[in-house]
Structure formats: C-alpha cells, structure tokens
Amino acid sequence: MHSTIKRPRHLSCLLYASLTLLAFFVLAPVLWLLLMSLSSPTDLTKVPLQWIPSQWDFSRYALLLDWQNGSGKRFLAAMLNSLIIATSASFIALVAGVLAAYAFSRRNASMLLMFAFLATIMMPPITYILPLYSAFSELGILNTKVSLIICYSAMLIPFAIWLMKTNIDVLPEEIEHAAMIEGAGTIYTLRKVVLPIILPAIGATAMLSFLTAWDEFFYALIFSSDLSAKTIPVAIADFSAGRVTDFGVIASVGVLASVPPVLIALFFQRFIVSGLVGGSVKG
Amino acid sequence: MRSLIGAKQQKWLLLAPALTVLALISFVPFVQTLWLSFSDSEISALPTVVSFIGLENYIYALTDPDFIDSLGRTLYFTFVSVGAEVILGVAVALLLNQQFKGRTLMRALIILPWAIPTIVNAVTWRLIYNPEYGALNSLLMQLGIIGEYQSWLGNPDVAMNMVILADVWKNFPLVAYVALAALQTVPMDMLNAARLEGANAWRRFFKITLPWIIGPLLVIIVLRSVEAFRVFDIIYVMTRGGPANQTKTASFYVYQEYFSYLRSGSGSSYAIIVALISIILIFGYYKAAKRQNGSL
Amino acid sequence: MSDSSSSFISNQVSDISPVQSSTTQSQRRGSSADQDDVILSIRSLCKSYFDAEILQDINLEINSGDFLVLVGPSGCGKSTLLSCIGGLTDVTSGEIFCRGKNITQLDPAKRDIAMVFQSYALFPNMTVAQNIGFGLEVRKVPAAERKQKIQQVAEILHLQPLLDRTPAQLSGGQRQRVAMGRALVRDPTLFLFDEPLSNLDAKLRLSMRTEIKHLHQRLGGTMVYVTHDQVEAMTLASKIMVLNQGRIQQFGSPEEVYKRPANTFVAEFMGSPAMNLIRAKVIVEAGAVKIQIHREDRAPLVFIEQAATDALRAFNNQSVIIGLRPESISDVAARDPQRSHSAECRIEYIEGIGSDVYATLKLGGSDVISRLHGDSNVSAGDRQQLHFDLSNISYFDPSSQLRI
Ligand SMILES: Nc1ncnc2c1ncn2[C@@H]1O[C@H](COP(=O)(O)OP(=O)(O)OP(=O)(O)O)[C@@H](O)[C@H]1O
Ligand SMILES: [Mg+2]
C-alpha cells in the first residue's frame with residue numbers, strides 16, 4: 001500500500017468532503033428512521049419538521065414489545081415466525097448445500113446441473129408461485145411456517161451450494177483421500193475433515209442465508225394470512241398500509257425488524273462480505 | 001479429477017436432498033406454469049374444465065399495451081437502478097480504497113443499507129417521501145430548493161425515479177464491496193509503472209483499473225439486473241404500482257393478474273414472458289461468470 | 001492384520017534398543033513362511049482417462065516384507081498406480097488382489113492400506129495426536145487403547161513433544177513424521193508412499209531415508225514407495241519397478257535393475273550420471289566376438305567379448321548399442337583383468353565433483369562419460385589411458401532397444 005505517499009492538500013479536502021457526503025447519504029435515512037421512532041406524533045407532523053425530538057418518546061417500543069397488546073402481539077408473533085422460518089430454512093439449505101457442493105466439487109456432478117440450480121433462483125418467483133399455491137392449498141399447508149420453510153430452502157440451497165463449492169474446490173483433495181484411506185466414509189470425512197476446515201465459509205453462508213430469508217417478502221405475502229405464519233416483512237407492510245396513522249409506530253417496527261440483520265451484518269462483517277464477494281471476485 | 005470407487009452412486013446420494021427440494025419447489029412448478037400458460041385456466045373455488053388454447057394467451061399478452069408498458073417500466077427500473085448502483089458503487093469503492101483515518105469504520109458503515117431489510121427500506125423511504133410530513137420535503141424546503149411540498153410518489157413523472165433512488169440506496173453497497181475486493185487485487189506494480197510512464201489518474205483508471213475489475217463487476221451487474229428485473233416488494237410497499245400505473249412493474253402486473261383478477265392462464269403466460277427475459281439475463285450471467293472463472 | 005505384526009505396537013516399544021531391534025529383525029527373517037505370503041498382486045491393470053491410456057497392462061506381485069520402489073519420469077503414472085491400489089481411483093480393467101482377496105472394487109476405507117502423501121495431507125484442524133489417531137477413531141478403537149498406540153508411535157518417530165500441536169505449527173520434517181505416524185499406527189497390510197520425502201531439503205531427506213529404512217527393517221511391513229530419486233530407490237528397495245508412459249519397463253531387484261537393465265530406457269533412467277550408450281559393431285571372427293567402436297580421431301576401439309551369448313553372436317556384422325556405466329570407464333585398473341580393456345582416449349572436457357572427476361570422451365559418435373579418480377589432474381584435450389571394465393557391460397538391440 002502507498003501509505004508513504006503524501007497527498008496534496010486539495011485532494012485531501014476533496015477526499016474528506018466526499019467521505020462526509022457518503023456518510024450522510026448512508027446514515028441519514030437510518031438515523032431519520034430511528035428519530036421518527038423516538039419522536040412524539042406532534043413533532044412528526046410539524047411543517048417544517050422538528051428534526052430533533054422535543055421530547056424522547058419510547059412509548060411505541062413499549063407497545064410493540066408487549067405481548068398483551070394487539071400491535072405488540074402482531075409484531076412479536078411475526079418476529080418469532082421470521083426467526084423460526086429463517087433459521088430452519090438456513091439450516092436445511094446448509095445441510096443440503098454442503099452435500100450437493102461436495103458432489104459438484106469432488107464427485108464429478110455435472111456443472112450443467114449446477115447451472116440449472118443457479119438458474120432456479122434467478123427466475124422471478126412469479127413463475128413458481130401459482131402451482132406452489134395450489135399444491136400447498138391441496139396439502140393444507142397454506143398459512144403455515146412449513147410451507148415458507150420449504151420455499152425458502154429452495155431459494156437458499158443453490159446459493160449455499162455455490163458458496164460451499166467455491167470453498168471446497170480450493171481444498172487440497174489429498175486431505176480427503178487421506179481420510180478415506182484411513183477408513184473414513186464420505187459422510188465421516190465431510191463431518192470431521194472438510195466441514196471444520198471450511199467452517200468460516202459455512203458461517204458466512206449461514207448468515208447470508210439467514211439474512212436472505214429474513215428479507216423475503218413475496219412468498220410470505222402470498223402464503224401467509226395470519227399470526228401463525230406471517231413473517232416480519234409482511235407484518236411491516238401491514239403496519240404501513242393499514243390503520244396505523246402514527247409514523248412513529250411504523251418506524252419503530254422497522255427499527256426493531258432491522259436489529260437482527262444489522263447486528264449480524266456488523267458483527268460478522270468480514271465473513272459476510274467475503275461470502276458476498278466470493279462468487280464474483282475470487283471465483 | 002480422479003474418479004473414486006463408487007463415486008457415481010455417491011454423487012446422486014449427495015445431490016438427493018438439494019435435488020428433491022429444487023425439483024419440487026422450482027422445476028415442477030415452472031413446468032406447471034408453462035402448461036397453464038397454454039390454457040384458459042382461472043382461479044376459482046369450483047372445479048372447472050381447463051382446456052388447451054395454444055398460443056392465445058401469448059398473443060393476447062403481446063398485444064396488451066398495458067403489459068408491454070409494464071415490461072418497459074421494468075426494464076427502465078432495471079437499467080437505471082443497476083446503472084446508478086454500479087457508478088455509485090465503483091466510486092465509493094475507489095474512495096474506500098484510499099488511505100485515510102477511519103477507513104475501517106467507513107467500510108463497515110456502508111454495510112448498513114444492505115443489512116436493512118428491503119421492506120424496512122421501502123417503508124423508510126415512503127415516510128421520507130411523504131407529501132405532508134416527509135423529511136425530504138422538509139429538508140429541501142429548509143434548504144430553499146423547493147418552494148412548496150411535493151408529492152414525490154404521487155407524481156407520475158417522478159414516482160419511478162424516487163423508487164429507484166430507494167433501491168439504489170439499499171443495493172449500492174453490494175456493488176461497492178465487490179468492486180472494492182476487486183480493486184484490492186489490482187497489482188500495485190502495474191499502477192506504479194503507469195504512473196512512471198506519466199499516465200494521469202483518469203487514464204490509469206480507464207486503462208488499468210477498470211479493465212482489471214470489469215470481470216467481477218460484470219458478474220455482479222448481471223446478478224443485480226436479474227434481481228432488479230423481478231422487483232416486487234419495494235413497489236408493493238411504496239406505491240402499489242401507482243400513480244397511474246407508472247410504477248407497475250412486470251412482477252406486480254402478474255401478481256395482480258393472478259390474485260386480483262384470478263386469471264391463472266393468462267397470468268402464467270405473462271409470467272413465462274417475464275421468465276424468458278430473465279433467461280436472457282441469466283445467460284448473460286453465465287457468460288460473465290465463465291469469463292471470470294474459466295469454469296462456471 | 002496378522003498377530004505377529006500387530007504385536008509390535010502393543011509391545012513395549014520403548015524397550016527396543018538397537019541391539020534388540022536387530023534381534024527382532026533376525027526373528028523376522030527367520031520366519032520364512034511369512035516371507036512368501038503374497039501381499040499384493042496386480043493383474044493386467046489398465047487405467048485410462050477418456051482416451052488417454054495412463055497405465056497399460058500392469059502386472060506385479062510382491063511378498064510380505066517387500067519394499068517395492070516405483071520409479072519413472074514425471075507423468076509416467078506412478079501416482080495413478082498408487083491411487084488404483086489405494087482405491088482412490090477406479091481402474092479401467094484388470095484386477096488388484098490384497099492377501100489373495102480381490103479388492104478391485106472395494107472402497108478405500110475397507111482395504112486396510114495406509115498411505116503417506118507427498119503433501120502429507122495432514123488434517124489441519126486436528127492436533128498431531130488426533131491426526132495419528134484418526135484411523136483408530138474411525139474404527140472406534142477405545143480411547144484408552146488409542147491413546148496408548150498414539151504414544152507408542154510418537155515414541156518411535158520422536159513426536160512426543162509435538163502431540164498437542166496442529167500441523168501448521170510443525171516444520172516440514174515434523175509434518176512428514178506425523179504423516180508416517182498416521183500410517184504406522186494402524187499397522188495395515190500394505191503401506192503406500194507417494195514421494196514422501198520430495199518436499200524436504202536435501203539433508204533432511206537423507207536422514208529420513210535412513211530412518212524409513214530402519215523402520216522397515218525393524219517393523220517389517222510391506223511397502224510400495226514412489227520416488228523420483230534414484231539413490232532413494234536403490235537404497236530402500238528390495239524390488240524396483242521402472243515405469244515409463246504407463247508401461248512396466250523392468251521389475252526386479254535393485255542390483256538387477258542397475259546392472260542388467262532390461263532396455264535402453266532403464267539403462268539411461270537409472271543411475272546418475274546415466275549409463276553410457278555407445279554404438280558399436282559386432283564382428284565374429286574365428287569364433288571370437290569382437291566389439292568395434294568407431295572413433296573419429298583415431299583407429300576404432302576394438303575389444304573381445306569373452307562372455308558373448310549366442311544372442312550377441314547373432315548380431316554378427318550388425319550394430320548394437322553397448323551400455324557402460326561411467327564407473328566402468330576409469331583411470332584405475334579394473335578388478336578382473338580378464339574382462340577389461342585399456343585404450344588411450346582424448347578427453348573432451350572434464351567436470352570435477354570433489355570425490356570424482358567425470359571426464360567426457362567421444363566414442364561411437366556420442367559423448368561418453370567416464371569416472372576418474374578424484375585426484376587425477378587431467379585437463380580437457382589431454383590423452384589419457386583408460387581402463388574399460390567389461391564385467392558389467394550391457395548390449396541392446398538398436399531396433400527394439402531391448403537387452404540382448
Ligand atoms: N484426472 C486426470 N485426467 C486426465 N489425465 C490425468 C488425470 N490425472 C492424471 N492424469 C495424467 O496421468 C498421467 C500420470 O499421472 P501421475 O500423476 O500418475 O504421474 P506421476 O508418475 O505420479 O508423475 P509425478 O512424478 O510428476 O508425480 C499424467 O500424464 C497425467 O497428465
Ligand atoms: Mg505423482
């Protein structure tokens with residue numbers, strides 16, 4: 001790196017000006033969402049706006065985090081649903097993904113099939129939705145978490161395979177051969193030798209899968225209709241479309257729904273970014 | 001790769017879970033949708049006779065100006081938002097590749113928009129754009145840029161661009177991270193050699209840096225295009241296709257065809273047309289990825 | 001797994017002093033019934049990738065206690081053959097038997113074969129102890145017994161202080177030992193080594209070579225060992241197999257391969273510097289077989305082959321290729337004067353390596369290397385009286401390149 005090169009003054013100014021602008025662009029919407037959630041309704045309806053709340057209002061959070069209350073119940077149930085669905089789907093995707101990735105990396109599975117897998121997630125969901133809807137309704141699993149878990153698994157698996165595959169590809173194959181010579185079967189080798197080595201990649205895949213599932217809206221909108229299966233994105237859409245007139249409530253729901261993904265993203269940043277970038281940069 | 005004893009049977013066993021899920025949730029439904037698109041099927045509670053009507057749905061779809069318009073809007077959304085994301089993303093990556101205090105923090109910061117769920121993003125920007133109490137109106141008014149409050153999402157001429165802005169805010173970090181990772185692989189020697197040859201920063205970027213990072217960029221550009229082309233959630237929350245259908249994208253159009261008008265047959269033909277356009281984009285992805293990796 | 005061999009691990013190995021080890025060795029030699037056990041037998045094995053034939057018609061048989069070394073140029077199929085034996089790749093045709101059992105289609109895990117890889121292939125996520133004990137753990141050997149066996153192997157290989165480290169914290173030589181330990185601990189029917197020393201520096205390679213030889217003598221075990229290094233091959237092997245382009249060139253004892261190469265390929269491949277191959281003419285005159293070598297600058301060099309075979313006689317008036325090792329052309333008189341010939345030759349150029357001086361001359365139109373005493377002070381262009389030791393001379397048919 002060129003740490004020793006001294007930058008001319010005007011370039012320095014330009015750099016810091018751009019950085020400030022970037023920081024503002026990135027942070028302003030987030031901060032404003034946070035402020036809205038803490039402003040009183042009167043502050044939020046002033047023209048022009050009262051940017052800094054005249055008093056801090058935590059009432060919406062109290063409301064939303066309370067099971068006894070109608071809004072709170074809707075919100076918390078949705079959070080719980082999202083948590084269960086995203087976790088289960090990620091888990092299924094990881095297991096199926098690792099196995100399939102191993103077949104692609106080490107057992108000569110056709111790359112054409114890999115491409116077909118990837119193509120399924122690139123197709124718009126509207127191409128699948130109607131037959132799935134009919135099938136789920138016949139099976140009686142519409143508006144259950146199971147239907148969403150299955151759909152999300154399908155959505156996550158190709159991506160998980162791809163990420164795992166790029167990571168297994170670069171492992172020296174001799175290590176697995178050594179394990180097999182020592183008497184280990186494929187599954188044993190995978191569990192005791194391959195998985196521990198690619199643990200960071202598995203972590204990245206798990207988190208990316210979780211975030212993707214947490215974010216999904218279309219299937220959830222169509223397959224869920226009440227508290228038993230509605231996920232947080234659908235609940236937010238309901239809050240923002242429905243009877244709620246207080247922006248603060250909507251903002252608070254948004255803030256709370258963003259907490260898990262934002263925490264994951266910030267804490268495991270390096271992992272996640274390497275996972276995101278992996279497929280396109282290093283190959 | 002050496003073939004192992006019993007590799008063939010193992011291959012299919014290993015693929016079985018993934019293959020089962022994808023076959024049931026993706027391949028089969030796709031074929032069913034394809035079949036529906038050639039029928040006059042409708043969603044109804046009563047059992048109905050579904051008959052094969054050949055290409056009729058497709059002929060109808062391709063002569064339906066509303067649908068063609070929605071395709072055009074979707075393409076507009078795709079090109080403009082992905083284009084903006086790429087320009088912004090690369091610019092940010094170049095910025096974050098410089099040496100400055102707090103670089104790690106800045107790099108961490110830009111993951112925020114990406115981490116915020118799409119729906120929360122849509123809701124946030126809808127509140128920001130609010131015609132009566134929105135932050136954008138207030139800010140621009142206080143800065144003296146606008147004379148009176150605007151209805152950003154209610155104005156058919158600007159609504160789509162406002163949605164695009166929200167989408168760009170959410171998705172540029174992904175491009176920035178990919179570009180940044182690619183930038184870090186540009187050989188310093190090459191840039192220094194060019195500098196010694198007297199190439200200015202502009203020239204160095206276009207002659208050395210950009211060609212070096214174009215491979216990964218292409219991959220992410222196509223991936224983002226595929227994703228943008230099926231845009232639904234942000235539209236659903238921000239505008240529901242309005243005003244005057246100016247933000248009604250193809251996915252939203254099909255969604256309404258299915259679930260508002262209950263026309264599964266013609267809806268499916270729309271879906272297949274959208275899918276075909278996606279396939280062209282996917283093929284582009286295949287080319288870009290191949291170019292980048294040598295393999296898939 | 002025979003009782004006698006598995007007892008080695010469970011015995012108090014630490015008690016084995018050099019004296020005792022020689023007794024175990026002689027005991028082993030004594031049980032000659034064991035020696036004749038055919039451990040590995042390969043019949044008409046072929047292996048191809050698509051239409052490239054990597055191995056063709058490989059046949060071999062080795063007995064218990066044998067140390068088979070596979071040599072051959074890079075890409076000739078040595079690793080592929082090991083993979084076939086280990087079950088890491090399937091064979092196109094042919095059969096592999098281990099202790100009389102057909103293992104051609106058997107899963108590698110069930111073959112009771114251990115392998116030491118060129119890259120060592122240690123499990124990076126496990127400690128040295130876990131690496132060594134991996135095979136035992138797979139076989140569900142109780143923890144206590146496992147621990148004991150790991151300890152014993154660690155003792156043999158001087159790995160005790162390293163047992164809790166991970167491979168990343170080891171030097172190349174130590175990693176190599178761990179890889180050996182992993183193979184030794186299970187006491188398998190057959191050991192496979194794929195260039196196990198090629199990643200070590202010269203000095204370490206030498207000491208590991210000695211160590212492997214000692215281990216083999218002490219512990220017995222049947223080995224198939226791949227190497228590039230001919231010295232390694234000559235010192236370790238009880239049998240050598242020379243492979244070229246997927247075909248067996250020669251299979252025999254190190255001495256046989258060195259002294260009686262089956263064809264010009266083996267002659268040139270084994271030994272460094274290589275055996276000299278010189279064009280010559282056979283002239284049978286009054287029952288005596290004369291070998292005539294053309295020289296550009298003077299009269300032809302002619303000597304009489306006293307031990308000529310009928311096959312050689314049949315080449316009367318035809319040309320042959322004779323093979324002479326550099327050490328057979330020397331400034332020191334040969335041991336058997338009956339089978340030697342002296343002639344004055346012009347030295348084209350010389351190359352000293354300290355202990356010896358290699359002098360190049362021109363015979364039969366090609367460069368011929370002779371090995372002179374290290375003290376000889378010849379220089380290029382000198383004429384020198386050289387002694388040709390004919391006791392180990394080889395003759396090859398120029399058209400088939402095979403030994404006559
Ligand atoms: N998977 C494969 N597909 C096609 N050809 C292969 C494959 N693996 C090996 N080969 C070819 O088989 C031949 C033998 O390879 P092998 O690794 O056995 O050689 P080797 O004798 O071990 O060489 P080295 O001494 O360099 O290790 C080589 O020509 C190689 O190119
Ligand atoms: Mg090899």
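The values are calculated or read from the model by the stated rules, or taken from the named source; none is laboratory data. In this text the structure is predicted, and so the values were computed from the model without any measurement. Note that each Cβ is placed from the backbone with ideal geometry, even for glycine, and that neighbours are counted across all protein chains shown.
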Answer yes or no: is there a residue in the range B:142-160 that is touching a helix residue (DSSP H, G or I) at 6+ places or on another chain (Cβ under 9 Å), at the interface with chain A (Cβ under 10 Å from one of its Cβ atoms) and among the hydrophobic types (A, V, I, L, M, F, W, C). no
Where in the range B:21-109 are the helices (runs of 4 or more DSSP H), entirely inside, with at least 3 residues that are surrounded by fewer than 15 Cβ atoms within 10 Å (Cβ to Cβ) and without any contact (Cβ under 8 Å) to a residue 40 or more places away in the chain? B:65-96, B:103-109
Yes or no: the range C:242-263 includes at least one residue that is within 16 Å of ligand 1 (Cβ to nearest atom), within 14 Å of chain A (Cβ to nearest Cβ) and not in a helix (DSSP H, G or I). no
Report, ordered by the first and then the second residue, all pairs with beta carbons closer than 7 Å, sequence separation of six or more or different chains, a first member in the range C:53-77 that is within 14 Å of chain B (Cβ to nearest Cβ), and a second member that is assigned to a strand (DSSP E or B) and within 16 Å of ligand 1 (Cβ to nearest atom). C:Ile54/C:Lys47; C:Ile54/C:Ser48; C:Leu55/C:Leu45; C:Leu55/C:Cys46; C:Leu55/C:Lys47; C:Gly77/C:Ile54; C:Gly77/C:Leu55; C:Gly77/C:Leu243
Residue under question is B:Thr239, and the condition is that it be under 16 Å from B:Gly72 (Cα atoms) and either in contact with a Cys (Cβ under 9 Å, 6 or more places away or on another chain) or surrounded by 22 or more Cβ atoms within 10 Å (Cβ to Cβ) (or both); does it hold? no
Those residues of the range C:304-341 which are within 17 Å of C:Asn276 (Cα to Cα) and assigned to a strand (DSSP E or B) amount to C:Ser319, C:Val320, C:Ile321, C:Ile322, C:Gly323, C:Leu324, C:Ile329, C:Ser330, C:Ser340, C:His341
Are any residues in the range A:1-40 surrounded by 14 or more Cβ atoms within 10 Å (Cβ to Cβ) and modelled with pLDDT under 85, and if so, which ones? A:Arg7
Check on C:Lys101, closer than 14 Å to C:Leu190 by Cα, within 14 Å of another protein chain (Cβ to nearest Cβ) and more than 16 Å from ligand 2 (Cβ to nearest atom): no
Kindly check whether there is at least one residue in the range C:266-275 that is acidic (Asp, Glu) and within 18 Å of C:Lys213 (Cβ to Cβ). no
In the range B:283-296, is there at least one residue being more than 8 Å from every other protein chain (Cβ to nearest Cβ), surrounded by fewer than 19 Cβ atoms within 10 Å (Cβ to Cβ) and at pLDDT 90 or above? no
Does the range C:171-223 hold any residues that are hydroxyl-bearing (Ser, Thr, Tyr), away from ligand 2 (no atom under 16 Å from the Cβ) and under 20 Å from the mean Cα position of the chain (by Cα), and which are they? C:Ser207, C:Thr210, C:Thr222
Please work out if C:Cys84 is at pLDDT 90 or above, part of a loop (DSSP other than H, G, I, E, B), within 16 Å of ligand 2 (Cβ to nearest atom) and in the same structural domain as C:Leu200 (by TED's automatic domain parsing). no
Restricted to the range C:371-393 and to residues being among the aliphatic types (A, V, I, L, M) and in a loop (DSSP other than H, G, I, E, B), the residue surrounded by the most Cβ atoms within 10 Å (Cβ to Cβ) is C:Leu390
Looking at the range A:41-56, is at least one residue in contact (Cβ under 8 Å) with a residue 24 or more places away in the chain and either in a helix (DSSP H, G or I) or surrounded by 19 or more Cβ atoms within 10 Å (Cβ to Cβ) (or both)? yes
Per the list (1) in contact with a helix residue (DSSP H, G or I) (Cβ under 6 Å, 6 or more places away or on another chain); (2) within 14 Å of another protein chain (Cβ to nearest Cβ), residue check on A:Lys46 breaks on (1)
For C:Pro108, which of the numbered conditions (1) under 25 Å from A:Pro196 (Cα atoms); (2) away from ligand 1 (no atom under 16 Å from the Cβ); (3) at pLDDT 90 or above fails to hold? (3)
What are the residues in the range C:86-96 that are within 12 Å of ligand 1 (Cβ to nearest atom) and closer than 18 Å to A:Ile175 by Cα, if any? C:Leu88, C:Thr89
Does at least one position in the range B:182-202 carry a residue that is within 12 Å of chain A (Cβ to nearest Cβ), free of Cβ contacts under 8 Å to residues at least 12 places away in the same chain and either in contact with a helix residue (DSSP H, G or I) (Cβ under 8 Å, 6 or more places away or on another chain) or at positive phi (or both)? yes
